[in-house]
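Taking it in order: structure first as structure tokens, then the write-up.
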Amino acid sequence: MDKLVDESKIVGVLLVIVLLVLKIVFHSSSFFSVLKLTLGLFWLFFIPGYFLLFSLPSLSSLERLIMSFILGTAFYGAVGYNLGVIGVSFALQVYVVPLLGVLIGCWFLFREKK
């Protein structure tokens, strides 16, 4: 659990860095629009991949941070496509898919502790 607390500080710093970079890119947009975009990107793609990578305990913090966005994007694409095929609307997928990734990742995280 200490590892999760230490890495959450790094994730917070990464969130601020992404926010600053996106604010520079979208300099004519309001701060709250850029904040919403940053939090949306993190919720949809980064957070699910980050938690799913707890299934591989041998990864370092840097490896987990780099691979999180890639895995989260792939996870959202695969699960979102299949949910769309069975008729789940996209408006619902925005909440269900990332939450599913977090829950699966938490299962891996707490399964190892026993």
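Check which residues have an amide H placed less than 5 Å from F26's amide H, if you skip close sequence neighbours.
For F26, no residues qualify.
Along the range 22-31, what does the Karplus equation 6.51 cos²θ - 1.76 cosθ + 1.60 (θ = phi - 60°) give for ³J(HN,Hα), rounded to whole Hz, x for Gly and Pro?
Listing the rounded values in order: 5, 5, 5, 5, 9, 4, 7, 7, 6, 4 Hz.
Once every DSSP H run of n ≥ 4 in the chain is given -39500 (n - 2.57) and the sum is divided by its residues, what mean residue ellipticity at 222 nm do you get, rounded to the nearest 500 deg cm²/dmol?
The helix contribution divided over the chain gives -26000 deg cm²/dmol.
Treating only the Cβ of Lys, Arg, Asp and Glu as charged (+1, +1, -1, -1), what charge dipole size does the chain show about its Cα centre? Round to the nearest 20 debye.
In total the dipole reaches around 120 debye.
Give me a comma-separated list of calculated 3J(HN,Hα) values for the range 86-96, in order, Karplus coefficients 6.51, -1.76, 1.60 applied at θ = phi - 60°, integers in Hz, x for any Gly or Pro.
Running phi through 6.51 cos²θ - 1.76 cosθ + 1.60 with θ = phi - 60° gives 8, x, 7, 5, 5, 4, 7, 4, 4, 9, 6 Hz.
In square nanometres and to one decimal, what's the mean projected area of the convex hull around the Cα atoms of the range 5-93?
One quarter of the hull surface, i.e. the mean projection, equals 6.8 nm².
Of the lysine pairs in the chain, how many meet both conditions: Cα atoms under 25 Å apart, and a spacing of 8 or more in sequence or different chains?
Lysine pairs meeting both conditions in the chain amount to 6.
Counting other beta carbons within 10 Å of each residue's own, what order do R64, R111 fall into, fewest first?
Ordered by Cβ neighbours within 10 Å, fewest first: R111, R64.
A short reminder: the numbers here are calculations on the coordinates, not readings from a lab. These numbers were taken from a predicted model, which means no experiment stands behind them. Here the Cβ is made from the backbone with ideal geometry for all residues, glycine too, and neighbour counts use every protein chain on show.
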